[in-house]
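Everything on this sheet refers to the single structure shown next.
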Amino acid sequence: AETLVLYLPMFAVWMYTSWAATLYAPTHPRARRMVIVVMLAGLFMNVSLTRAFADAAWVFVATFLGIQLGRTAWMLTTELDPLNHEHFVRTLVWLTATAPIWIAGAAVSSRLRLVVWGAAAAIDLTGTWLAHPLLHRRLRSERAEFGGEHLMERCRLFLLIALGETVVTPGVALATAPIRVTTLVSGTLAFTGTLSLWWLYFRAEPIAREHVSSSVDRIYASRMAVNGLLLIIAGLIALAAGNAMVIDHPSRDATVALVLMLAGGSAMFLLARTWYLRLVFGTAPRAGLLTVTVLAAVSAAALAASALVASLAVVAVLTGLVAVEHLKATDQSPSGSPTSSP
C-alpha cells in the first residue's frame, strides 16, 4: 500500500513535467532551467522515498508540492494558447486543493499518514484521469496543436526504465540468494516473464504512436496513452517485487500477496494494454481478455502450490499469449512479418 501511494506522486511528477516539456520547446533556455530545477528537487524527493513514512515525510511533501505547484505556476507565465492556459489554471486549482491534505499527512503518525496521503493521491489521480474538470465543464481539445509524438517517445523511454527495473530487482535478489537449482530456475522465470511483457508492449507501442500522430484530438489520445502507461508500470512494479520474493524463497508456499503481485501485476499490465487497444480499434483483443481470465484461474490454483510453481504458471500463461499474438501477426502478414493489428 505504501509503495502504491508513493508511486502515484512519483509518476505524476514525471508525467506533468514531460507534458510541460512537450508543450514548451525543450531546447528553449527557460525550459531547460525548469527541467534542471525539477531534477534537483526530484533528486531529494527520490532520496526521501524510502523514509517517507518515517522521518523524511516533510522532505517528500516539500519537494513534491514544490515541483508540482512551482512547475504548473511557471507554465502559466509562458506563451500558452488559450486552451492550454486554461488547462494549467485548472491543474493548479486541483493541485492547490490537495496540497493541504499532503501537508496534513506529513504531520500525523505513519499509520494515519498512509490513509491521508492515500486520499490525496486518489484525488490527484482522479484529476489527472479526468483532465482536471471544473464546474462540470470540460475543455474541448479537438484539433488542438500538440506534439504527441514527442510525448510518446518520452513514454517509451520511461517504460524502458521500468522494464529495466523488473530485471534489476530480481537481479539484486539473485546476487544475495544461494546458488541452487531452484534459484537459477526462479531467476530464469523472472527474466522470461519480463521478456514476455516487453514483447507485448513493444508490439502495441507502434500502434499507439500511430494513433496519437493521426488522431484528430492528439491531446486526448496522448492523455489516454499516459493513463494506460500508469497502470502498465504499476503492474511491472508488482511483478518485479513478486519475482524477487520467489527468488528469495522459491520453495515456500505461495501466499495471497505473492500471487497478487505475480498474476495481479501481469493482469494489470494486460488490462491496460487491452484497454488502450480497444480505444484505438473499437474492440478489445480477445486474446488479452482471455489471458486475464486464465491468470485469474491460475491465481486460485497457485495458492495450493509453492512460490516457484506459481511463478512458472504465470510465466507459462504470458509466453502462451506471446506465441498466440506472434502466430496471428505472422499469419496476417503476406510477407511473414508482423502487422500492426492487435
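The values are calculated or read from the model by the stated rules, or taken from the named source; none is laboratory data. Values in this document were obtained by computation on a predicted structure and should not be read as measured data. Cβ sites come from the backbone with ideal geometry, for glycine too, and all protein chains shown count toward neighbours.
Of all residues in the range 180-204, which are in contact with a Pro (Cβ under 8 Å, 6 or more places away or on another chain) and hydrophobic (A, V, I, L, M, F, W, C)?
Val185, Ala190, Phe191, Ala204
Within the range 42-69, work out how many residues are exposed (fewer than 14 other Cβ atoms within 10 Å of the Cβ) and not hydrophobic (A, V, I, L, M, F, W, C).
Qualifying residue count for the region: 4.
Can you find, within the range 44-75, the residue that is farthest from Asp124 (Cα to Cα) among those that are in a loop (DSSP other than H, G, I, E, B) and modelled with pLDDT of 90 or more?
Ala56
From the list Glu79, Glu86, exactly one residue is under 28 Å from Leu151 (Cβ atoms), out of contact with any helix residue (DSSP H, G or I) (no Cβ under 6 Å at 6 or more places or on another chain), surrounded by 13 or more Cβ atoms within 10 Å (Cβ to Cβ) and among the charged types (D, E, K, R). Which is it?
Unique residue meeting the criteria: Glu86.
Is it the case that some residue within the range 99-113 is of a type in the set (Lys, Arg) and over 22 Å from Val226 (Cα atoms)?
Yes, because at least one residue in the range 99-113 is of a type in the set (Lys, Arg) and over 22 Å from Val226 (Cα atoms).
Go through the range 19-40 and give me each residue that's modelled with pLDDT of 85 or more and surrounded by fewer than 19 Cβ atoms within 10 Å (Cβ to Cβ).
Arg33, Val35, Ile36, Val37, Met39, Leu40 - these are the residues of the range 19-40 that are modelled with pLDDT of 85 or more and surrounded by fewer than 19 Cβ atoms within 10 Å (Cβ to Cβ).
What are the residues in the range 233-243 that are surrounded by 22 or more Cβ atoms within 10 Å (Cβ to Cβ) and either in contact (Cβ under 8 Å) with a residue 40 or more places away in the chain or out of contact with any helix residue (DSSP H, G or I) (no Cβ under 9 Å at 6 or more places or on another chain) (or both), if any?
Across the range 233-243, the qualifying residues are Ile233, Leu236, Leu239, Ala240, Gly242, Asn243.
Just need a number here: residues in the range 97-136 that are touching a Lys or Arg at 6+ places or on another chain (Cβ under 9 Å) and outside any helix (DSSP H, G or I).
4
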